[in-house]
Amino acid sequence: MTAAGASWSPPIPAGRRVGRFDLLVRLVRRPEGAFGVLILAIFAALALAPDFFVGPLQTAVTAHGTRLSPPSAAFPLGTDELRRDMLNLTVHGARVSMAIGLLATLVTVFIGAVVGIVSGFVGGRVDAVLMRITDFFLVIPTFVLALILTPIIRDLVGSGSTEILGIRMTLIVIVIVIGITSWSSSARIIRSQTLSLKERAFVDRARVIGAGSGHIMRRHILPNVINLIVANSVLVFAGAVLTETTLSFVGLGDPFQPSWGQLLEAARSVGAPGLGAWWYFVPPGVCIVLVVFAFTLVGGALDDLLNPKRRGRA
Amino acid sequence: MSGSYLARRFGSALFTIALIVLVNFVLFRALPGSPERVILRGTPNVTPAQLEAARERWGLNDPVFPDQFVAFLGATVSGDLGYSFVARGQTVGQVLAQRIWPTVILFGLGELVAIVLGLALGAYSGWRRGGPVDVVGNGISLILYSTPYFLLGMALLLVFATGLRWFPTFGMLTAGATYPDIWARLGDFVSHLALPLATVGLGLVGQYAIVMRSSIVETLSEDYVTTARGMGLSEGRILRHHALPNALLPTVSLIAINLGYVVAGAITVEVVFNWPGLGTLAVEALTARDYPVLQGVFLLLSVSVVLANLLADLVYGVLDPRVRT
Amino acid sequence: MRSSIRARLAAAAATIGLILAGLSPSLAPVAGAEHLILRAGTDQDIQVLNPWNSVVVADFEVFTLNYDLLVNFGQDLEPVPGFAESWEQDGTTWTFHTRPGMLWSDGEPATSADVVYTFQLILDAVDTDYGCLGQCYLDGYLLNAGVVSVEATDETTVVIETEFENTLLLQSYVPILPEHLWSARTLEEIGNHEGVEPFLNEPPVVGTGPYQAVEFEPGNFVRFARNPNDWRDEQGAPDEIVIQHFGSIDTAVQALKTGEIDYVRGVLADQFTDLADEPDIQTVEGIANGYTELSFNTGGNSEGYGGSTAALSDVAFRDALGYAIDQDALVEATLGGYGAPGTTIIPPFHTRWHVEPDNPRTFDLAEADRRLTAAGYVLDAEGRRLDKSGAPINLRLTWPDSEEENATNAQFIVEWFDGLGIAVDAAVTEEGALIDAVTGPPNGPGDYDIYMWGWVGDPDPTSLLNFFRSEEIGFSSDSFYSNPHYDELFLAQRAESDEATRKGILAEMQNLVYDEAPYIILYYDAELHAYRTDRFGGWTNQPSEGGTPLFGYGSFGYTKLTDLTAVPTAEPSVAAPSAGATPAPSGSGSGTGSTDSTVLIVGIAALVAIIAVGLLAMRRRGTRAEEE
């Protein structure tokens, strides 16, 4: 969904490179940017050190509440059907959801950047083929593809409890699937930026002094599209969180590492909505909405900042 | 519209469809478990003879390329998508056919509602930028955009069906009901449709309003609008005659591109309301690992989206002379 | 995949036709009279009308409404007249008498020839290469009873010869089909065996059952109308029955509360507790005729098996682990307190046959540790449990993705076994791949260590005893248990007609499997159903102890229903939307439910308001800043 969001504002090359720190300062000066950054900072803190805030992830064995009890002093967000503390689960869910979102964004943006830069810089037949494939992924309902791919890839790689970066293989598969299915709009955006950079004088200069294509792409094009990649990543992140949530909701998550989407699925599968057990699905639901909302705000703000045409006009 | 524009659009759509079929073929070969066992799943006491019969029946004894691929291509083109694993004895085509109509209604109407409301809201808030409608509308749009469809659906279901009991909780028609006349049937249908339709509409309206708003803002800053203002044209006239038509174009193409993503939302909304469409079918097929049906859904939805995009491109070509070359 | 051009064109035409048909919704037949409709909801797929393709409980429910079995099941599963009115047994020879003058629902005479046709269909199918009919769930009933030949001696008399003396024939779950319609179809079409056009048995279905399917939307619902030629004296009150599929059981429960449906099968534990307080709703906790088990790969790592350690083949090892499983905790957490802790392989549902083990194990990790050490499985310096070859024991634990609740069991087992120094690698497996993995040699790799799944039985326990026979390795045996004494006992109990003697044999078998522990039965699942009491009365549990009114054994429960909408102004069958369609006193509502949703609504509204206000403030400032 957000992949499309990324294409809402056609990318216009940044006039000059904006320093990282400089960018952050100017971002938080904008009210919607500050609001977004604040929310994200809170969730980032929760995701980085969930144990510090709520202790280790509760399991069916270590849980000590009563079954599906409403919020109380001991359990500010109530408990689930396994007697676990919802606050504990929601905070640990932040870690899982954000980690999957982050990894999926890295994969997505990496593929998008490589395809976009190569396609834009090399041009010709390579460009034609890559753009055809990009268009394919842009237009098909990639979520349905993800639905089919996830179980298949899961069975190909084996779903043992091997962990990568502390994330179980089942969820790594989700990362891979999101990466495969959502890079296309990033590639489009980066390609058009690359196309305009290609015509710049410094690229010609580099070519004259005998630099190879790979060198030019790495040393001259990439640094100049990095801002765009950063702005795009923020929107991709929001989309990745939404996609992960939806995949988990239809039953492709991992109960051993509950993300917010998995919590919602669990809530639905014990019938929490009908039981009026709102504390089971409202916390993860609100978290998802807040995080995606914050990323969208920040993404929009970044886009404005890095987009000279808009900046000039405001 | 020039012939080459048409040809390019059609060529591109055809290429995409070909890729979809290829992806489907590769996926079917990559299914987990040996295919013949997957097919015979749930059958107790499988004998080697049964396994062999299944291999033969599904053409699994032929070389993958070209035999199996050609057979697959021919079958797909002629609409033979194989048999469902779960709906035993039924073809995928039959299973899909029963589910198309509900999805078309729900999403056709949902899109319509969202486009009309979203564009109106977007245009107005873009025009009165910073005004109360813009501030509230844009905020709500952003929140709706950030909310997964199924969450929205669960909330509506809980409040209006379970809580207030204004609407039925599931399905498209009351099962087994008989109706005195067509109006009673229509009424029953509408009351079932209301909540899922509201979910789809609300889910989309945010996106469309955001797109339209930024498009209008962009257009209003163009030189010709400034010129028009200078000529003393009324704001309303500028909006209707200059800004709107120009802002609509990019919005239309974005809506078309967005279709693929809308479909993702479709799936979960249908599940929440037990709406008997392709989305519910996809999730049921996923749960039961009914891969032929899952791939059928993918093929059907993908091809529909490609065709819708083609249509949008053609409309775009008619509306905007610049793209006709 | 391979088909002739013509077949393909036909398929294409059929597909297009169906799509067009789908696009023009047909008007349901207009009702003259007011119909009393019973609506029953299930989360199982409603996919087949051809009984031979039946797999799930809902499929069986559908065909037993359409058709009679040769002998039906009474309230306590005793044999009662079905297609046959009476019967007698003389050693291995059975004689069944059908009702003179009985008619199929289309008015054709229903005779002994129909019984011969149906049974012969199975016997013929068994003789083919394919070995069975359709999904192969029904032929076993005749095979287990040792049926050799079926013959009609006159219009109303059928003589059946069996290989050995037994009474399993009276428990055969085989629908008697109308020969005059079905004989036009080939075995292949009926069994959906080869690439031929399959026979779907589309409505209107013709049978002798109390209700006949008249409308079918696969994956959605089946609607039945009363059989005009029903032979039963006692007929149910509903004029029509709808069996409705629900994608989520939560939706079904909501629909039950609002009165849109009358019955739900498969209610979840917490909903069940919640429903108990609802007005006009009755909950019923049945015992499932089955269990969920932890199965060991008793083949271990021997030739032909893929287990990770030889310890799996050791009775002492499995027995010790039995002390490390707290069945009560699993019942509490996974089943929400419904159901019962598991012990032996014949569930308590079979009140006549179930026995508790003579030497029960209790949850005691210290005891498990002591037994493991005594059996030679010692801990190394790092606290890891070693097998007899000196390698650390790491067990792979899995379960099918279709049974997600096992993930909860897995969380417990991982921690319990971890406490014994046994690392458990737990992960779900796609169902199809899992069936592949747990099939033993020569048909499969037998590649797993421990896994969880369940079985569901028949009115007779024989089918539940089958999985532990040596000859089932490679077929339905997933533990690969092999014990010649057990095999002998199996044959002996099957042929035994004296109840007390048979019970003795069954008790020995149950204890044998319990002690040698190829399976550790985790729990006996509960059948949680709920129904409305304001429209229909006469709900009767079948069996009376541990049973449920519907989705039991045949059409019995439906025929007992009575009409409670006594006032003749029963609502016109729907038209009006939503709750208005039912006589449910919507005003009463549910006390707790409505407060909860009020809290929720207020909560959501508050949240939206907060975000909106924050946004508004920010936007205002933002605009001002931009305007400067």
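The values are calculated or read from the model by the stated rules, or taken from the named source; none is laboratory data. Just so it is clear, the model here is predicted, and its values are computed rather than measured. Cβ: placed from backbone, ideal geometry, glycine included. Neighbour counts: every protein chain shown. All accessible areas refer to the heavy atoms of the entire protein, side chains included, with ligands and DNA or RNA removed. Shrake-Rupley method; radii C 1.70, N 1.55, O 1.52, S 1.80 Å.
Per-residue packing, averaged as other Cβ atoms within 10 Å, sorts the ranges C:424-430, B:237-243, B:209-215 into the order B:209-215, C:424-430, B:237-243, beginning with the highest.
When restricted to Cα atoms, segment B:248-325 yields an Rg and a Dmax of 15.8, 50 Å, respectively.
Annotation note: GluC sites (Glu not before Pro) in segment C:178-233 located in DSSP loop regions with a Cβ neighbour count of at most 15 within 10 Å are C:194.
Entry comment: accessible area of the protein assembly as shown is 37 Å² per residue, from protein heavy atoms only and a probe of 1.4 Å. Buried area at the A:C interface is about 3000 square angstrom, summed over both chains, from accessible surfaces computed with a 1.4 angstrom probe. The value given for segment C:490-542 is a Kirkwood hydrodynamic radius of 15.0 Å, derived from the mean inverse Cα-Cα separation. All C-alpha pair distances within chain A, sorted into 10 Å bins from zero, spread as 6, 24, 29, 23, 12, 4, 1, 0 percent across the bins. Per-atom-type breakdown for the protein assembly as shown gives carbon and sulfur 61% of the accessible area (1.4 Å probe, protein chains only).
In segment C:323-362, Cα pairs under 8 Å separated by at least six residues give a relative contact order of 33 percent.
Placing +1 on the Cβ of every Lys and Arg and -1 on the Cβ of every Asp and Glu, with nothing else charged, gives segment C:290-526 a dipole about its Cα centre of roughly 480 debye. Annotation for segment B:256-325 versus segment A:259-281: alpha-carbon center distance of 28 Å.
The spacing between segment C:365-429 and segment C:60-102, judged by their C-alpha centroids, is 49 Å.
Backbone amide hydrogens, once placed in the peptide plane, bring residue C:85 within less than 5 Å of C:97, C:98, C:99, excluding anything fewer than 5 places away on its chain.
Interface B/A, total buried accessible area with a 1.4 Å probe, nearest 100 Å²? Summing both chains' loss of accessible area gives about 4600 Å². Alpha-carbon geometry of segment A:89-168: the Rg and the Dmax are 16.5, 51 Å, given in that order.
Derived from the Cα gyration tensor, the three semi-axes of the equivalent ellipsoid of segment C:290-526 are 27, 20, 18 Å, largest first.
Contact order, relative form, for segment C:290-526: 34 percent (alpha carbon pairs under 8 Å, 6 or more residues apart, mean separation divided by residue count). Provide the solvent-accessible area of residue C:251, counting protein heavy atoms only and rolling a 1.4 Å probe, rounded to the nearest 10 Å². Accessible area of residue C:251: about 10 Å².
The relative contact order of chain A comes to 29 percent, based on Cα pairs under 8 Å that sit 6 or more residues apart. Residue by residue along C:332-340, Cβ atoms of other protein chains within 10 Å of the local Cβ number 2 on average. Just the Cα atoms of the protein assembly as shown, one point each, no solvent: what log10 I(q)/I(0) does Debye give at q = 0.09 Å⁻¹? Cα-only, vacuum Debye calculation for the protein assembly as shown: -1.23. Annotation: segment C:43-173 has a Kirkwood hydrodynamic radius of 15.4 angstrom, from the mean reciprocal C-alpha pair distance. Springs join every pair of Cα atoms under 10 Å in this Gaussian network model of chain A, and among A:262, A:193, A:58 the largest mean-square fluctuation is at A:58.
Distance from the alpha carbon centroid of segment B:189-206 to that of segment C:150-174 works out to 57 angstrom. The charge dipole of segment B:165-262, taken about its Cα centre with unit charges on the Cβ atoms of Lys, Arg (+1), Asp and Glu (-1) only, comes to about 140 debye.
Taking the helices alone, the protein assembly as shown has a mean residue ellipticity at 222 nm of -16500 deg cm²/dmol, built from -39,500 (n - 2.57) per DSSP H run of at least 4 residues and averaged over all its residues.
Relative to the longest principal axis of the Cα atoms of chain A, helix A:278-305 runs at roughly 20 degrees. Near residue C:257, which aspartates and glutamates are there with a Cα under 16 Å away, not counting those fewer than 8 places off in the same chain? Result set, ordered by chain and number: C:270, C:274, C:277, C:278, C:280, C:534, C:596.
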